[in-house]
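Participant: Please see the structure below; I have some questions.
The values are calculated or read from the model by the stated rules, or taken from the named source; none is laboratory data. Keep in mind the model is a prediction, meaning the values are calculated, not measured. Just so you know, the surface numbers come from the protein's heavy atoms only, side chains and all, with ligands and any DNA or RNA stripped out. Shrake-Rupley method; radii C 1.70, N 1.55, O 1.52, S 1.80 Å.
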Amino acid sequence: MDALGSVLDTLREFAEDNIRLVKRCHKLDCKVFTKVAFRATIEFIVMGFIGFFVKLIFIPINNITVGSG
């Protein structure tokens, strides 16, 4: 019985934490959403350029290391 009680206590605490989280969450307004979307777009662009330049550098190095056949 004690094990069942501890499981139920854990589940009750988990449910209370989730309810508290949902009550604190709010929907973003247009200004905040635009900021987040703009920053995410900039991040994608920057990471794309970094990946492109890394690939651009390592393809010739790989070809030199492995050889042409």
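Participant: Using the alpha-carbon atoms, what tilt in degrees (0 to 90, nearest 10) does helix 2-24 show relative to the longest principal axis of the chain?
Facilitator: Taking the Cα atoms of the chain, the angle to 2-24 is about 70 degrees.
Participant: Quick one: the Cα spread of the chain along its three principal axes, in angstroms, biggest first?
Facilitator: 71, 43, 10
Participant: On to the next question. Where only protein heavy atoms count, and the probe is 1.4 Å, what is the accessible area per residue for the chain in Å²?
Facilitator: Working: 6890 Å² over 69 residues.
For the chain, the per-residue accessible area is 100 Å².
Participant: For the chain, what % of the accessible area comes from carbon and sulfur atoms, probe 1.4 Å?
Facilitator: 71 percent
Participant: Given only helices, namely DSSP H runs of n ≥ 4 each adding -39500 (n - 2.57), what is the per-residue ellipticity at 222 nm of the chain, to the nearest 500 deg cm²/dmol?
Facilitator: Values: 2 runs with 60 residues, N = 69.
For the chain, the value works out to -31500 deg cm²/dmol.
Participant: Would you mind checking the tilt of helix 30-66 against the longest principal axis of the Cα atoms of the chain, expressed as 0 to 90 degrees and rounded to 10?
Facilitator: Value to nearest ten degrees: 40.
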